[in-house]
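Colleague: Here it is, the structure in full.
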Amino acid sequence: MGFFLFFFLSLLSLASSASRVDQKTFIVRVQNEAKPSVFTTHKHWYESSLSSVLSPSTPIQLLHVYDSVFHGFSAKLSPTEALKLQTLPHFIAVIPEQVRHLQTTRSPLFLGLKTTDSAGLLKESDFGSDLVIGVIDTGIWPERQSFNDRNLGPINSKWKGQCVTTNDFGSNSCNKKLIGARYFCSGYEASNGKMNETSEFRSPRDSDGHGTHTASIAAGRYVFPASTLGYAKGVAAGMAPKARLAAYKVCWNAGCYDSDILAAFDSAVADGVDVISLSVGGAVVPYYLDAIAIGAYGAAEKGIFVSASAGNGGPGGLTVTNVAPWVATVGAGTIDRDFPADVKLGNGKVVTGAGVYNGRGLSPGRMYPLVYAGSGGGDGYSSSLCLEGSLDPDFVKGKIVLCDRGINSRAAKGEVVKKAGGVGMILANGVFDGEGLVVDCHVLPATAVGASNADEIRQYIDSASKSKSSATATILFKGTRLGVRPAPVVASFSARGPNPETPEILKPDVIAPGLNILAAWPDKVGPAGIPSDNRRTEFNILSGTSMACPHVSGLAALLKAAHPDWSPAAIKSALMTTAYTVDNRGETMVDESNGNTSTVLDFGSGHVHPTKAMNPGLVYDITRMDYVDFLCNSNYTINNIQVITRRNADCSGAKRAGHVGNLNYPSFSAVFQQYGKHTMSTHFIRQVTNVGDPNSVYKVTVRPPSGTLVTVEPKQLVFRRGGQKLNFLVRVEATAVKLAPGSTNMKSGSIVWSDGKHNVTSPIVVTMQQPL
């Protein structure tokens, strides 16, 4: 309530001086079925309502009208007008628009999805056939082989979507694989003016590459041979190769606007998708002010699984986004493949790095002059980052240049070096980036090195300078390496918990492959993703939680195909309780940023294990009323809750639920405030549904977080039939620890239910907070 009150107080303060130039986009929530009978359509009523708050000379323009996941519209308003609109009858909330951004071969095999298996998830689900995955992103390049419809059956009659055709997206762009394509740009153009159609397509066609890449990860067909610039050779395939795709383009050159994202959710639900994949994110706000959370709730209520990227703000804590409990929040891990490109220094040392390049390379055996970009005079900060126009050609010509990460894109730095006459680039991680190595298809020979190796290279350059000798180096490209250990590793950039909005719900939920992933790429975009790159490739290698999210979206489609009666919450539970936390060395997964053991705040329940998720034994299901109780216990007002749920909320049952952490979630998070107390306690009530053998007995094993006492009652669950539901109670007692004011202490453990065949695993996290 505080945030909402703050927002309207802000509107009041702006309103006195606001004019038409202060307009911005607002999303307006209206009561369901509130349309007076005098109006023929909701749109007609909305326009009439707007006319009552706008000046007579102002044209009325609705950007979008929503009806599937949200009841209302979006429009451009001044703060004064937004405030007036809020006072009208039947108008529940006025939500300020947020601008979101993208969070950006071998992964099916790494995940254990083998086409040769006589049984297994691919076989049981018929490769996801007839399920529809809606991808909300930058659009799609439909001609790519990943989207061919060879040997696919007819489109299910339940599908109500359409293929929006334009001059550059003809009627033959869709087929039995890509069965729907729409675009939404009203919110984008309301904030930025008419789009420049020489640099982006006013159609579902992808001018960025991100949407084509994510769509093919989720549901690309088998394509052989597949590679990018000769790297990562093999068969490319999505998670659900026979699933159908629908592309909803909402992201443009200036970002992805909430009003357009909500319109895409609205259309996707009405069209009949089964899964929604969303690889965009922004600031975390209360759920009733979050268009993605609102749209995802409406989708989940209709039985649609929603997967979203956790964000690329790692490795710092509290960076996770898309944290609503009805969304599967996906972080990123590595796979057992990398692209070594080491740096050989003039002093004989070899520093490890990673990169892909197949153009005119460095001469074998030759050492090149090596310089640090920040030492070239002028503005040392700009030049150290290799920003546009910052490098002196006299300083870098014919040399390998060490550039620091930050501000501009990694590929853009390579372009800056090349334009200034450099022959190669070493991209240096900063302290915050740690040791995580992300490869790009650079326009010149280039490699990425971790923070400690970057320091070593700088020290070598400094020592050579002090001894009046020239620093030299070369880059040794070693192609594609498979069977890398350890793997998986939590990617350095992958956003981390705790959950900033609801600490009692552990986020991210799981991690999936997201580092250096090969997938389809548009024809008119170079693999470096910059305008000067004229190379063309069918596939490209990208990294980000953007790439991890569609892995889970595709897996959810497979699970839904194998288990049509499972709810989105049951599917998510299956993925979470069967996830693993041990790498291919048999040790707990490490954190790529520092090489230390990672924690549940990094990986949530763990790395997805698709074959086990098909048969989890038990699931934690969640009903609509459970979510309402959760929102009530989050201290949201009835009005706030109605914005999300589209119904009048009844909070009378919330007291029975007890507290916000009692949502029937597959993980446990207890947060204790140490107000001078020596011992603290809480409890969790959970209900599990038997989806395994009809007659089965599950016994519990508790590994309590250190310094806590965790008890579970009963210690045994006896099931007599499939679909049977049984409850259990978890009590957590914690002893205060010595903490500085404002600091926290987090410990984790696990609760495992086992019948000898299935291990249903849930992490349990206990956080101690010392108030200021």
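Colleague: For ARG360, state whether it is open to solvent by 10 Å² or more (accessible area, probe 1.4 Å), modelled with pLDDT under 95 and not hydrophobic (A, V, I, L, M, F, W, C).
Modeller: yes
Colleague: So in region 222-274, with the set limited to residues that are of a type in the set (A, V, I, L, M) and part of a helix (DSSP H, G or I), which one is most open to solvent (accessible area, probe 1.4 Å)?
Modeller: ALA270
Colleague: Please state which one of VAL449, VAL416 is out of contact with any Asp or Glu (no Cβ under 8 Å at 6 or more places or on another chain) and β-branched (Val, Ile, Thr).
Modeller: Of the residues listed, the single one that is out of contact with any Asp or Glu (no Cβ under 8 Å at 6 or more places or on another chain) and β-branched (Val, Ile, Thr) is VAL449.
Colleague: Could I ask something else about it? Every residue in region 729-772 that is in contact with a Ser or Thr (Cβ under 9 Å, 6 or more places away or on another chain), part of a loop (DSSP other than H, G, I, E, B) and of a type in the set (A, V, I, L, M, F, W, C), please.
Modeller: Passing the criteria: only ALA736.
Colleague: Can you pull out every residue in region 145-175 that is exposed (fewer than 13 other Cβ atoms within 10 Å of the Cβ), in a loop (DSSP other than H, G, I, E, B) and not small (Gly, Ala, Ser)?
Modeller: ARG150, ASN151, PRO154, LYS158, LYS160, ASN167
Colleague: Give region 723-767 a look and list any residue that's at positive phi and modelled with pLDDT of 95 or more, or say none.
Modeller: GLY723, GLY756
Colleague: Here is a further query. Tell me whether region 525-535 contains one or more residues that are among the small types (Gly, Ala, Ser) and outside any loop (DSSP other than H, G, I, E, B).
Modeller: no
Colleague: Additional query: Is one or more of the residues making up region 194-208 among the basic types (Lys, Arg) and surrounded by 24 or more Cβ atoms within 10 Å (Cβ to Cβ)?
Modeller: yes
Colleague: Would you please list the contacts, defined by Cβ atoms under 7 Å and residues six or more apart or on different chains, that run from a residue in region 454-475 that is closer than 16 Å to TYR368 by Cα to a residue that is in a strand (DSSP E or B) and open to solvent by 60 Å² or more (accessible area, probe 1.4 Å)?
Modeller: If the second residue must be in a strand (DSSP E or B) and open to solvent by 60 Å² or more (accessible area, probe 1.4 Å), the pairs left are ALA473/LYS344; THR474/LYS344.
Colleague: In region 540-567, how many residues are within 17 Å of the chain's Cα centre (by Cα) and open to solvent by 20 Å² or more (accessible area, probe 1.4 Å)?
Modeller: 1
Colleague: Still on this structure, I have one more. Does THR701 count as modelled with pLDDT of 95 or more, crowded, with 16+ Cβ neighbours inside 10 Å, in a strand (DSSP E or B) and of a type in the set (Ser, Thr, Tyr)?
Modeller: no
Colleague: Conditions first: (1) among the hydrophobic types (A, V, I, L, M, F, W, C); (2) open to solvent by less than 40 Å² (accessible area, probe 1.4 Å); (3) under 27 Å from GLY526 (Cα atoms). VAL371 passes all but one, so which condition is the exception?
Modeller: Result: VAL371 passes all but (3).
Colleague: Quick one: is VAL323 crowded, with 19+ Cβ neighbours inside 10 Å and at pLDDT 95 or above?
Modeller: In short, yes.
Colleague: Which residues, taken from region 275-303, are assigned to a loop (DSSP other than H, G, I, E, B) and surrounded by fewer than 24 Cβ atoms within 10 Å (Cβ to Cβ)?
Modeller: GLY282, ALA283, VAL284, VAL285, PRO286, LYS302, GLY303
Colleague: Quick check on region 374-384: of everything there that is in a helix (DSSP H, G or I) and surrounded by 14 or more Cβ atoms within 10 Å (Cβ to Cβ), which residue is farthest from the chain's Cα centre (by Cα)?
Modeller: Filtering region 374-384 for residues that are in a helix (DSSP H, G or I) and surrounded by 14 or more Cβ atoms within 10 Å (Cβ to Cβ), the one farthest from the chain's Cα centre (by Cα) comes out as SER375.
Colleague: Follow-up. Could you please find all residues in region 392-429 being assigned to a loop (DSSP other than H, G, I, E, B) and either closer than 20 Å to ASP462 by Cα or β-branched (Val, Ile, Thr) (or both)?
Modeller: Within region 392-429, ASP392, LYS397, GLY398, LYS399, ARG405, ILE407, GLY422, VAL423, ASN429 meet the criteria.
Colleague: Given the condition within 26 Å of GLU733 (Cα to Cα) and small (Gly, Ala, Ser), answer yes or no: does some residue in region 611-620 qualify?
Modeller: Checked against the condition, which is being within 26 Å of GLU733 (Cα to Cα) and small (Gly, Ala, Ser), region 611-620 yields no hits at all.
Colleague: A further question on this structure: What about ASP117, is it closer than 26 Å to GLU538 by Cα and either at pLDDT 95 or above or not small (Gly, Ala, Ser) (or both)?
Modeller: Criteria not met by ASP117.
Colleague: Look at region 704-715 and say how many of its residues are open to solvent by 70 Å² or more (accessible area, probe 1.4 Å) and within 32 Å of the chain's Cα centre (by Cα).
Modeller: Of the residues in that region, 1 qualify.
Colleague: Also, I was wondering about something else. Yes or no: region 653-665 includes at least one residue that is open to solvent by 80 Å² or more (accessible area, probe 1.4 Å), within 27 Å of TYR287 (Cβ to Cβ) and modelled with pLDDT under 95.
Modeller: yes
Colleague: Going by the structure shown, is LYS194 of a type outside the set (S, T, N, Q) and closer than 30 Å to LEU62 by Cα?
Modeller: When the stated conditions are applied, LYS194 passes them.
Colleague: With the checklist (1) over 30 Å from ALA240 (Cα atoms); (2) under 26 Å from the mean Cα position of the chain (by Cα); (3) outside any helix (DSSP H, G or I) in hand, flag the one item SER191 doesn't pass.
Modeller: If we test SER191 against (1) over 30 Å from ALA240 (Cα atoms); (2) under 26 Å from the mean Cα position of the chain (by Cα); (3) outside any helix (DSSP H, G or I), just (3) comes out false.
Colleague: One residue is enough: does region 716-735 have a residue meeting the conditions within 26 Å of PRO498 (Cα to Cα), out of contact with any helix residue (DSSP H, G or I) (no Cβ under 9 Å at 6 or more places or on another chain) and surrounded by fewer than 12 Cβ atoms within 10 Å (Cβ to Cβ)?
Modeller: No - not one qualifying residue is present in region 716-735.
Colleague: Yes or no: region 452-460 includes at least one residue that is among the aromatic types (Phe, Trp, Tyr), surrounded by fewer than 23 Cβ atoms within 10 Å (Cβ to Cβ), more than 30 Å from the chain's Cα centre (by Cα) and over 30 Å from GLY661 (Cα atoms).
Modeller: Looking for residues that are among the aromatic types (Phe, Trp, Tyr), surrounded by fewer than 23 Cβ atoms within 10 Å (Cβ to Cβ), more than 30 Å from the chain's Cα centre (by Cα) and over 30 Å from GLY661 (Cα atoms), one finds at least one in region 452-460, hence yes.
Colleague: Here is a further query. For LEU515, all conditions in the list (1) open to solvent by 10 Å² or more (accessible area, probe 1.4 Å); (2) over 30 Å from SER129 (Cα atoms) hold save one; what is the number of the exception?
Modeller: That leaves (2) as the condition not met.
Colleague: Looking at (1) over 26 Å from SER203 (Cβ atoms); (2) within 13 Å of the chain's Cα centre (by Cα); (3) at pLDDT 95 or above; (4) surrounded by 24 or more Cβ atoms within 10 Å (Cβ to Cβ), can you tell me which one ASN312 breaks?
Modeller: Tallying (1) over 26 Å from SER203 (Cβ atoms); (2) within 13 Å of the chain's Cα centre (by Cα); (3) at pLDDT 95 or above; (4) surrounded by 24 or more Cβ atoms within 10 Å (Cβ to Cβ), ASN312 fails exactly one: (3).
Colleague: What helices (runs of 4 or more DSSP H) lie completely within region 545-633 and have 2 or more residues being at pLDDT 95 or above and in contact with a Lys or Arg (Cβ under 7 Å, 6 or more places away or on another chain)?
Modeller: 600-603
Condition check ((1) hydrophobic (A, V, I, L, M, F, W, C); (2) part of a strand (DSSP E or B); (3) surrounded by fewer than 24 Cβ atoms within 10 Å (Cβ to Cβ)) across all residues:
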{"position": "ARG485", "(1), (2), (3)": "no, no, yes"}
{"position": "SER494", "(1), (2), (3)": "no, no, no"}
{"position": "GLU501", "(1), (2), (3)": "no, no, yes"}
{"position": "LEU506", "(1), (2), (3)": "yes, no, no"}
{"position": "ASP523", "(1), (2), (3)": "no, no, yes"}
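Colleague: If a residue must be over 22 Å from the mean Cα position of the chain (by Cα), open to solvent by less than 10 Å² (accessible area, probe 1.4 Å) and within 15 Å of ASN453 (Cβ to Cβ), how many such residues does region 420-440 contain?
Modeller: Total satisfying the criteria: 5.
The values are calculated or read from the model by the stated rules, or taken from the named source; none is laboratory data. On a predicted model such as this, the values are computed, not experimentally measured, just so you know. Ideal geometry is used to build each Cβ from the backbone, glycine not excepted, and the neighbour counts take in all protein chains shown. Ligands, DNA and RNA are stripped out before the accessible areas are found, and what is left, the full protein with its side chains, is counted by its heavy atoms. Shrake-Rupley method; radii C 1.70, N 1.55, O 1.52, S 1.80 Å.
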